[in-house]
Amino acid sequence: MIPRLPPTPFLRRDILGGLGSIAMASMLRGEEAWLPPDGLPMIPQRAKRVIWLFMRGGVSHMESFDPKPMLTKYAGKSIGETPYKDVQNPEKLKKVRVVVVNDANGQQRNVIYPLQIGFKRYGQCGVEISDWFPNIGSCADEISFIRSMWTTDDNHGAQVQFHSGRHMLEPRVPTLGAWVTYGLGSMTDNLPSFINMGPRFFDVRDGHYLGPAYDAVNLKVDPKNPLTYAAPEFQIGRQQQEAQFDLIHRLNGLNAEQYPGDKTLAARMKSYQLAYNMQTAVPETMNLDAESAETKKLYGMDDKVAEPFARQLIVARRLAERGVRFIQLQHGDGAAGAWDSHSGLKKNHSSLAQQVDKPISGLLKDLKQRGMLDDTLVVFATEFGRTPGSQGSDGRDHHPYGFSVWMAGGGIKGGTIHGGTDELGFHPVEHPHYVTDVHATILHLLGLDPHRLEIPGRKRLERDFGKVIPQILA
């Protein structure tokens, strides 16, 4: 006979310590009409996990990882007055997004905006990086810089496009993190496989037709309240909560004996266990008291400006250590994203770079000294670059035609400079890559073939799969 428990004013959600919504989402995994892969790599695996750093708003590639001194040389001139006027060839570009102003003779011209910061070479590879990112520069020989990215959305819906490969106005499809979770599953019973930290506005969902079980779980870097519904709605003792959970587990066990082939029930039991385990695992992971003073300083936690992002990156490393598969960090608040600099680019980018530069270099160095960089893939990305021309007096507009991202660790060939834009930073002139080429490369290093991650009845475009970038692989 199953013992009766004393009456308690709890809701269904509170049986799981307030994590019922996550458990129910995970439960849907077993109710879908298809089965995910078995979680084993399809091809040789170089990386086990991804830390995805996304700068929301559009980082200027020319003032970060693809400096263009010709912008300063020809500042104030129209593009047509330079030796590089062909960048506006209608065959190359249908819409030029540089501001039009009048010259002294009243004629309209597109004005080139000078570089707003200096740059120098870093590492044995000699890559040129702006003076706003000196700490990342100190890690240059661990990084592969891809200077020839392009996309098609010229507004901030490009954030959706970078994560999913599809324009925001097209039907939504799963994001990269969802595909990784679908293809490889979880490495831990105590934490979700896919976690997001930081603001999301355009791309708040991940699983889409894969189902909500493949959405990221959103965490806040707050040890007291890291996860919505992470605590019971009513006061309840640990012993009583354990008794409630044990009762549910036993009842489900009886059903499992009666219906041994019920995959939905098996998924439900597994998700309830995860939800219960997260109550302890999430707060413990977010608590940085055990981190040494040296580690905190390495990430920049002693710097008031860098401290918030430094804290997130230490948490990201702790999540990686504990088996989280895809850790997604989004930097830059606001609907468009803080890196959007239509005016005041110098003030905007210098301040934001100070927030992220040391924490990111700290992450790379910390992963390396712990022996984790070999199987952890770190990606620095943004939705597009900025125009070589000015917007207003001191800004740059959106520029989807050419921009930069970089990758490090997990099978990447460090100290590599791949691709390139023209002398004004307008178009890729060497090895252009659409955003899903980054996806294909990441999946390849994780041991997944995107062409084998297909769902019956769902037709994907060839561009959705992308192409691996072999030149940046170790």
TODO: Can you tell me which residue within segment 317-350, out of those that are among the acidic types (Asp, Glu) and assigned to a loop (DSSP other than H, G, I, E, B), is farthest from Phe162 (Cα to Cα)?
DONE: Asp333
TODO: Can you confirm whether segment 433-455 contains a residue that is in contact with a Ser or Thr (Cβ under 8 Å, 6 or more places away or on another chain) and either surrounded by fewer than 21 Cβ atoms within 10 Å (Cβ to Cβ) or closer than 17 Å to Val127 by Cβ (or both)?
DONE: yes
TODO: Considering each residue of segment 167-203, count those that are closer than 14 Å to Phe54 by Cβ and among the polar types (S, T, N, Q), and give that number.
DONE: 2
Task: Considering residues of segment 351-398 that are basic (Lys, Arg) and crowded, with 24+ Cβ neighbours inside 10 Å only, the residue nearest to Ala158 (Cα to Cα) - done: Arg386
Task: Checking Lys368 against (1) over 19 Å from the mean Cα position of the chain (by Cα); (2) under 26 Å from Gly300 (Cα atoms); (3) without any contact (Cβ under 8 Å) to a residue 60 or more places away in the chain, the condition it does not meet - done: (3)
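Just the residues that are assigned to a loop (DSSP other than H, G, I, E, B) and closer than 27 Å to Asp422 by Cβ, please, taken from segment 45-67.
Correct list: Arg56, Gly57, Gly58, Val59, Ser60, His61, Met62, Glu63, Ser64, Phe65, Asp66, Pro67.
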Open item on the list: List pairs: first residue in segment 279-290 and closer than 15 Å to Gly323 by Cα, second residue assigned to a helix (DSSP H, G or I) and among the charged types (D, E, K, R) anywhere in the structure, Cβ distance under 7 angstrom, at least six positions apart or on different chains.
Closed with: Thr285/Arg318
Open item on the list: For Gly392, only one of the following conditions fails: (1) under 20 Å from Asp66 (Cα atoms); (2) modelled with pLDDT under 95. What is its number?
Closed with: (1)
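Can you find, within segment 166-220, the residue that is farthest from Thr285 (Cα to Cα) among those that are of a type in the set (Ser, Thr, Tyr), assigned to a loop (DSSP other than H, G, I, E, B) and in contact with a helix residue (DSSP H, G or I) (Cβ under 6 Å, 6 or more places away or on another chain)?
My answer is Thr175.
I'd like to verify a number: residues in segment 114-134 that are of a type in the set (Asp, Glu), without any contact (Cβ under 8 Å) to a residue 60 or more places away in the chain and more than 18 Å from Leu345 (Cα to Cα), how many?
0
The values are calculated or read from the model by the stated rules, or taken from the named source; none is laboratory data. For clarity, every value in this text was computed on a predicted model and none was experimentally measured. As a convention, Cβ positions derive from the backbone with ideal geometry for all residues, glycine included, and neighbour counts pool all protein chains shown.
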